[in-house]
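Reading through the structure tokens given below for one structure.
The values are calculated or read from the model by the stated rules, or taken from the named source; none is laboratory data. No experiment lies behind these values; they were computed from the predicted model shown. Glycine also receives a Cβ, built like all others from the backbone with ideal geometry; neighbour counts cover every protein chain displayed. The accessibility values were calculated without ligands, DNA or RNA, using every heavy atom of the protein model including side chains. Shrake-Rupley method; radii C 1.70, N 1.55, O 1.52, S 1.80 Å.
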2 protein chains.
Amino acid sequence: MNAIALVGCGNVGTALLELLHEKRSMLDKKYGFKYKVTLVTDLMKGTVMDTNGLDLEQVLGALHNERSFSKLPQSVTGSFSDLLDDSEATMLAEATPTDLKTGEPGLTHIKTALSRGISVTTSNKGPISIAYDELHKLARECGAKLAYEGVVMSGTPLIQMVRNGMAGCDVIKIEGILNGTTNFILTKMHNSNATYAEALEEATSLGYAEADPSGDVEGFDAAVKVSILARIFFDKNIPVSDVDRAGITHVTPEKINDAKNNGYVVKLIAGIEKGAFGVHAYVKPKEIPSSHPLASICGATNAVTITTDNLGEVTLIGPGAGRRETGQALLSDLISMAR
Amino acid sequence: MNAIALVGCGNVGTALLELLHEKRSMLDKKYGFKYKVTLVTDLMKGTVMDTNGLDLEQVLGALHNERSFSKLPQSVTGSFSDLLDDSEATMLAEATPTDLKTGEPGLTHIKTALSRGISVTTSNKGPISIAYDELHKLARECGAKLAYEGVVMSGTPLIQMVRNGMAGCDVIKIEGILNGTTNFILTKMHNSNATYAEALEEATSLGYAEADPSGDVEGFDAAVKVSILARIFFDKNIPVSDVDRAGITHVTPEKINDAKNNGYVVKLIAGIEKGAFGVHAYVKPKEIPSSHPLASICGATNAVTITTDNLGEVTLIGPGAGRRETGQALLSDLISMAR
């Protein structure tokens, strides 16, 4: 029986609990995945623990009604490391908010778990971007597993697909659309001739863009993902600051129209390529031939084309964000780590 | 150390041997996959066996020069079951020609191996289509693994992706382009206004279509794949004869032009869908909105859109055939079975 601890009950953590609650019998029947959730802890909501397995309906009731855990009978307090020990967890799902500068608090949570031999899945880009090698080393030394499907393309299984499904291939090039906000804006500009400012305004009003959109529109979010993918698929440490990066703020309706008239679509492309001078990682607006699958990617959808020696081009298209979609990433990691 | 036996040295089997020969150090370093090939047997070429591991350069030399194995020092003769026993193989790669009616000789090869506890990978649609349940049951009973990534979309890892990468999702619908020949013909008709007969002629002259193209153009090949995918992803036995099937022989330039003028592209779609009255499996020409990724699939490329509860639509695009591409399917199965 797998004993799961969850830290972080925002949208993604809550979605994971919902999936674990809804799908218990299906997960057992189809994957032989049996589990109890023994610890749920959140900076705002508090902590509940039960080594026999928490009542997920009760925990979800508190979360859906925005009530603190303090009124629940299983409410406890303590340091994260003590809670983890007491919970007898065998797996941790880490879903705290991302801090790209320090990786905290996720980084400490992950190290605390791995050092106890507890396997970890996370959808938190911060720790994976900052401490990929250190965390993998710690996992190896402590006999734990570390998975992070959700850091790129949410539950769209890019990492599992390339690592396992395409095992034996040498990856030569990756090109993709890894930021939904900028793709939404460029799609809007392409389809309705809007200016960048107009399209950004719509993206903001629909909740696709944040109040300060610079992380997306300057290509920084995509650059973090490219840096992580370079480490995973090319075995190269390319810090985010070394990613050749340009955003979409200077893309004009004229540029988009010119491309359109020549049979191209402008996309913010995140790429990694092996060349004569090493591995080049970049994020920049590129003209994609309208016959290429990447040109057909509309709105907030993500997509990646992986070029390998054995298969040529393989393209994977799917959601790049979303609470249930990212909860699914954690879930598939948990199932795979239990095997 | 994994000991691999290969039966069938046509294009796919030879490509697998090439990959195993080329990539030995990479496969060890990256996946910890250590192996020797102890048996290679082919109806036309003969058989070579060495329990210490065959010299693959020598075996490939004979294959590339279309020489029989009989002059090689490791040449042996015997029944397949005796050879398999003597070879001390732990894994079998089955790559004999497909017979969709009997599944033979692949079916017997696979049963012989599984019943000895030897894990099997195959790219041969016949046995998987005919005896899916029987072979899985045998594998379970004998503690062997059975994998068949290559039966659909060659090495494009559809099966591994949905089974592992999307573990936890309920598949609601699958729609795809699973036959390269018909997609080549329809692409030609769409792009150059050719008639069906003209496009078929070009497909034949380029080697995409066989002398008797009926298996492809009548939708039979796609129907076999749909039947297999229904078993894998929907847990439903839908015999090929129960697949609602229409081919492309009646698709006219007028139909394609009408669709084009309305923003659609005609594709031969292989689909499976859960509905109120059970699972419906079909192969038929359908109009796909030109903004959908499936509309962008040109030539012999394959693609599948998988709709699930947790992720919405995920689309996978990649090669659907090819010697190295299908050899890659066998290779990734071998690596995964060794884990």
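Observations
- Residue check for B:V120: free of Cβ contacts under 8 Å to residues at least 40 places away in the same chain and either out of contact with any Ser or Thr (no Cβ under 8 Å at 6 or more places or on another chain) or over 30 Å from A:L27 (Cβ atoms) (or both): yes
- When B:A211 is tested against (1) within 26 Å of B:C9 (Cβ to Cβ); (2) buried (at least 17 other Cβ atoms within 10 Å of the Cβ); (3) not acidic (D, E), just one condition goes unmet, and that condition is (2).
- Beta carbons closer than 8 Å, at least 6 apart along the sequence or on distinct chains, pair a first residue in segment A:25-37 that is more than 10 Å from chain B (Cβ to nearest Cβ) with a second that is open to solvent by less than 60 Å² (accessible area, probe 1.4 Å) and among the polar types (S, T, N, Q) for A:K34/A:N2; A:Y35/A:N2; A:K36/A:N2.
- Restricting attention to segment A:265-283, the residues that are out of contact with any Ser or Thr (no Cβ under 6 Å at 6 or more places or on another chain) and either farther than 21 Å from A:V224 by Cβ or open to solvent by less than 10 Å² (accessible area, probe 1.4 Å) (or both) total 12.
- Screening A:K284 against (1) in a strand (DSSP E or B); (2) among the basic types (K, R); (3) within 14 Å of chain B (Cβ to nearest Cβ) leaves a single unmet condition, (3).
- Within segment B:214-223, not a single residue is closer than 28 Å to A:A303 by Cα, more than 24 Å from the chain's Cα centre (by Cα) and in contact (Cβ under 8 Å) with a residue 40 or more places away in the chain.
- Number of residues in segment B:275-297 that are more than 15 Å from B:I248 (Cβ to Cβ) and within 27 Å of the chain's Cα centre (by Cα): the value is 9.
- Conditions (1) more than 7 Å from every other protein chain (Cβ to nearest Cβ); (2) closer than 21 Å to B:A203 by Cα: number failed by B:A329: (2)
- Residues considered: A:D221, A:D235. Of these, the only one that is among the acidic types (D, E) and surrounded by 15 or more Cβ atoms within 10 Å (Cβ to Cβ) is A:D221.
- Identity of the residue in segment A:126-184, assigned to a loop (DSSP other than H, G, I, E, B) and more than 13 Å from chain B (Cβ to nearest Cβ), that ends up farthest from the chain's Cα centre (by Cα): A:G143
- Subset tally (residues that are touching a strand residue (DSSP E or B) at 6+ places or on another chain (Cβ under 9 Å) and not in a strand (DSSP E or B)) for segment A:287-321: 13
- The residue pairs whose first member lies in segment A:306-322 and is facing chain B (nearest Cβ under 7 Å), whose second member is assigned to a loop (DSSP other than H, G, I, E, B) and surrounded by fewer than 19 Cβ atoms within 10 Å (Cβ to Cβ), and whose beta carbons are closer than 8 Å, counting only pairs six or more residues apart or on different chains, are A:N310/A:D170.
- Restricting attention to segment B:11-47, the residues that are of a type in the set (G, A, S) and crowded, with 17+ Cβ neighbours inside 10 Å total 3.
- Test: residue in segment A:242-258 that is modelled with pLDDT of 95 or more, among the acidic types (D, E) and either touching a Gly at 6+ places or on another chain (Cβ under 7 Å) or not in a helix (DSSP H, G or I) (or both): yes
- Scanning segment A:7-39 for residues that are of a type in the set (G, A, S) and within 16 Å of the chain's Cα centre (by Cα) returns A:G8, A:G10, A:G13, A:A15.
- Among (1) away from chain B (no Cβ under 13 Å); (2) farther than 20 Å from A:I272 by Cβ; (3) in contact with a strand residue (DSSP E or B) (Cβ under 9 Å, 6 or more places away or on another chain); (4) not hydrophobic (A, V, I, L, M, F, W, C), the one test that A:H190 misses: (1)
- Residue check for A:S336: surrounded by fewer than 24 Cβ atoms within 10 Å (Cβ to Cβ), within 7 Å of chain B (Cβ to nearest Cβ) and not in a helix (DSSP H, G or I): no
- Matching residues, segment B:81-97, being surrounded by fewer than 18 Cβ atoms within 10 Å (Cβ to Cβ) and in contact (Cβ under 8 Å) with a residue 24 or more places away in the chain: B:S81, B:D85, B:D86, B:E88, B:P97
- Residue that is nearest to B:Q328 (Cα to Cα), among those in segment A:294-304 that are within 8 Å of chain B (Cβ to nearest Cβ) and surrounded by fewer than 23 Cβ atoms within 10 Å (Cβ to Cβ): A:A295
- Among (1) farther than 13 Å from A:H190 by Cα; (2) in contact with a strand residue (DSSP E or B) (Cβ under 9 Å, 6 or more places away or on another chain); (3) touching a residue at least 60 places away in the same chain (Cβ under 8 Å), the one test that A:R231 misses: (2)
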